[in-house]
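The values are calculated or read from the model by the stated rules, or taken from the named source; none is laboratory data. Computed from a prediction, not measured in an experiment: that's the story for all the values here. Positions of Cβ are generated from backbone atoms using ideal geometry, with glycine treated the same way; all protein chains shown enter the neighbour counts. Just so you know, the surface numbers come from the protein's heavy atoms only, side chains and all, with ligands and any DNA or RNA stripped out. Shrake-Rupley method; radii C 1.70, N 1.55, O 1.52, S 1.80 Å.
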Amino acid sequence: MTRILQALALVTLFLISAGFASAEERWLTLPEPAAMPKPDQSGYAPVNGIQMYYAVFGAGDPILLIHGGLGHADIWASQVATMSKTHKVIVADSRGHGRSTRTEQPYGYDLMASDYLALLDYLKIDKTALVGWSDGGIIGIDIALHHPERLTRLFAQAANVTTDGVDPGVMTNKTFAAYIDRSGRDYKKMSKTPDQYDAFVSQISHMWESEPAWTKEQLGKITTPTAIVAGDHDEAIKREHTEYMASVIPGAKLIILPNASHFAMLQAPDEYSQAALDFIDAK
């Protein structure tokens, strides 16, 4: 699988250098994240046998931002800069991602959710709004299902609730391939085990093959106010699956971000932050 991903990344870089991603079609681009603001607090939390990197910014009602698979907390730099003006914003690197360590324990969304709940305990945060992208959105749904008392609102972007919600075309998508390539470079710079990217990808890929797998009945029990969010050009998640999620989660709001893809927080950072804050702060 890793060789395929690397080949896709090379194709992507060629296409981009050839000018196929035009400036007016931002959903085809993969902008670099902005510089992360200086945190008020950061460090490593000992949770579930790992050292989990985290950073805290600002003050006010808390918002936890959870990044997607293969990513890291710094992807949220633009959202942190905006949201921390009115909220306490918490970011972290999921287990094995970025600066956080991992164990040999098999990946599962329940395990990753428990990592974030343990981080909230470590930071003495009883309840928070949660903005999750891709795997982060799935982790948010897991928490809403099993620990709704910890959430005020859930903004789940580019998430899926069954494996067939993923568009198989994503494996040949140039923007997604460029993201995988960039993630590998970031891993080498940030990780405590910089030579283990292939092993990390292999380990987490086992989870992606079978999870998530929630039923309509399970999703129908969610009580957390939820927004199901997608870019109108998402490469990875089928639109009908996003609409299905919004239809079966009680009271869920469907938000479609225009001219954006799976990577909307990078392509349309101001619009993304505003959409999340409008939902979180709604009375």
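Here is how the numbers come out for the structure above:
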| quantity | calculated |
| --- | --- |
| DSSP bridge orientation in the chain - percent antiparallel, rounded to nearest 5 | 35 percent |
| Cα centroid separation, the range 59-74 to the range 32-49 (Å) | 9 Å |
| Whole-Å semi-axes of the range 149-236's equivalent ellipsoid (Cα gyration tensor) | 28, 17, 15 |
| Accessible area (Å², per residue) of the range 38-281, counting only protein heavy atoms and a probe of 1.4 Å | 38 Å² |
| Farthest toward positive dipole pole in the range 38-281 [+1 Lys/Arg, -1 Asp/Glu at C-beta], among A260, L65, Q41 | Q41 |
| Estimated distance in nm for a label pair at D232 and S202, the labels positioned 7 Å out from Cα along Cα-to-Cβ | 4.3 nm |
| Reach of K88 by Cα under 20 Å, taken over aspartates and glutamates that are not fewer than 8 positions away in the same chain | D40, D61, D74, D115, D121, D126, E149, D270, E271, D278, D281 |
| The chain: translational diffusion in µm²/s, Stokes-Einstein, Kirkwood Rh over Cα pairs, 25 °C, 0.890 mPa s | 131 µm²/s |
| Members of K38/K192; K38/K174; K85/K216 lying beyond 30 Å, as alpha-carbon distances in this model show | K38/K174; K85/K216 |
| The range 223-283 - Kirkwood radius from inverse mean 1/r over Cα pairs (Å) | 12.0 Å |
| Within the accessible area of the range 38-281 (1.4 Å probe), percent carbon and sulfur | 51 percent |
| Value of [θ]222 nm, deg cm²/dmol, for the chain, DSSP H segments ≥ 4, -39500 (n - 2.57) each, nearest 500 | -12000 deg cm²/dmol |
